Structures are given as C-alpha cells and as structure tokens.
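The values are calculated or read from the model by the stated rules, or taken from the named source; none is laboratory data. Model, not experiment: these values are computed from the prediction. With ideal geometry, Cβ positions are generated from the backbone for all residues, glycine too; neighbour counts draw on all protein chains shown. Ligands, DNA and RNA are excluded from the accessible area calculation, which covers all protein heavy atoms including side chains. Shrake-Rupley method; radii C 1.70, N 1.55, O 1.52, S 1.80 Å.
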Amino acid sequence: MAIRYQYPFRKPYRVGTPFGQKGTLWKSGYHSGLDLISLAAGGDGKVYPVAPGSVIRSVAGDGSYGNYVTVRHEDGMLSLYAHLKSIAVTLGQAVGYDTQLGVEGATGNVTGPHLHLELHEKEYHYPAVIDPAAFLDARLGEQQAPAPQPQPEPAPAQDNQPDAYAAQAVAWAVAEGLLRGDDTGNMRLHEPVTRQDVVVLLHRMKDLA
C-alpha cells in the first residue's frame, strides 16, 4: 500500500549523525538511525509521525532510547522516535500527519538534544538496517513527481481509399447511398464483409428499387 511520507520535524531542522556512521559509541559498530536537530536549528522541537499509523509502544526512561515512541504504519513499516523530552501520545492511539508525538529532548544515551529516528520493516530488530534519509527522500521524490497525463486515444485510420479496380464502383455506391461510413466516417473498405453488412446492403438496394 503506497502512503505519503514526511520528515518528523517542520522546518527548520538539520541533520546530526547520519545513518551508518561507524564508531565505538554504538554496540552495533554503526549508527542505526538518523539524528535530526530542531531546537538548535531554530525549529520548535515538535515531533510528528513520518506517516499515519498507530502507537504500538510508548516508553519512558529507557536506558538507551530514553523516552521513545514507536508507530506502526499502514504499509507495515515501523518508525521509532527516541530521546524525547516528553511524550504526547498514548499506547494504541491513531496518529496522522499533524499529530504531535512529543518534543525533541536529550533523554537516554545522548550527548545533546536531538531526535533519533529509526525505520524498520514489519518488526523491530536491532540494529536497524534501513537508512531513514534514503527511505524518506525516495518516497518524497515519488510524491513530488508529476502525475502522468492521460494521452488522447489516436483517431482510427480512415480506410476510405479503394483499390484501383474498385474505385468506380465505390464512387457509384457512395453516390447511391449504398455505401456509407460509420460514425467516424470510416467506410472500412478493406475489412471482411459480415452477414449483417450484406443485409444492410440488400436493404439499401431494396430502397433504390
């Protein structure tokens, strides 16, 4: 199911530590999320879900993540928002694009205020393997791409040019009203004759008698 995604901060904000940065600060050996900074960049620090969903975890005081919220989205993805100063949603709550999840903070294992964002497919597992910036940028690019415009159907080719041997007969039949085109003016001169075509021709000949 395709859904619209967004970044969890309203602008302005900036990127802190990117996904995949290697170092001994992390048990996995690399940073398994994306750190975003709002307050220090002039933003309001309010955290929003990257897409609609429901809150499946709301935890206060975790040793690593501090105060954090996990949201399950309609396409099966999970998003995790860590180090929150405060949490503004409850377990099981449905959330939309404008639902405030909490406020950027410095709870848990941090060196300063920021939001740690993780994305997981179907279930949470450590360490995360999805780069949130690459995931979100790809979907934002898809959302901003212009929708394909419907192309008009080409007009059917007019089969109204008789072969040389039939030109005189076709001209006579048209003049007498025996041969007429369809609603688009196509006489379909080279198509096989059906039984109903024969009946129509006989009926028109009867009118001439």
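Could you check the stretch 101-122 and list, in sequence order, the residues that are open to solvent by less than 80 Å² (accessible area, probe 1.4 Å) and of a type in the set (S, T, N, Q)?
Listed by number, the list holds a single entry, T107.
Of all residues being among the β-branched types (V, I, T) and open to solvent by 70 Å² or more (accessible area, probe 1.4 Å) in the stretch 177-197, which is nearest to the chain's Cα centre (by Cα)? Just the residue, please.
T184
Taking only the stretch 77-95 into account, find how many residues are open to solvent by 20 Å² or more (accessible area, probe 1.4 Å) and of a type outside the set (A, V, I, L, M, F, W, C).
5
Listed here are the residues, each with its yes/no results for (1) among the hydroxyl-bearing types (S, T, Y); (2) in contact with a helix residue (DSSP H, G or I) (Cβ under 7 Å, 6 or more places away or on another chain); (3) surrounded by fewer than 14 Cβ atoms within 10 Å (Cβ to Cβ); (4) closer than 18 Å to L84 by Cβ.
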position: Y7; (1), (2), (3), (4): yes, yes, no, yes
position: F19; (1), (2), (3), (4): no, yes, no, no
position: G33; (1), (2), (3), (4): no, yes, no, yes
position: G43; (1), (2), (3), (4): no, no, no, yes
position: Y48; (1), (2), (3), (4): yes, no, no, yes
position: V55; (1), (2), (3), (4): no, no, no, yes
position: G63; (1), (2), (3), (4): no, no, yes, yes
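Of the conditions (1) farther than 17 Å from Y7 by Cβ; (2) open to solvent by less than 20 Å² (accessible area, probe 1.4 Å); (3) of a type outside the set (D, E), H125 fails just one. Which one is it?
(2)
Is it the case that E142 is open to solvent by 80 Å² or more (accessible area, probe 1.4 Å), under 30 Å from Y48 (Cα atoms) and under 41 Å from the mean Cα position of the chain (by Cα)?
Answer is yes for this residue.
Cβ contacts < 6 Å: first residue farther than 19 Å from A157 by Cβ, restricted to the stretch 173-200; second residue outside any loop (DSSP other than H, G, I, E, B) and not aromatic (F, W, Y), any location; separation 6+ or different chain. Result?
L178/R204
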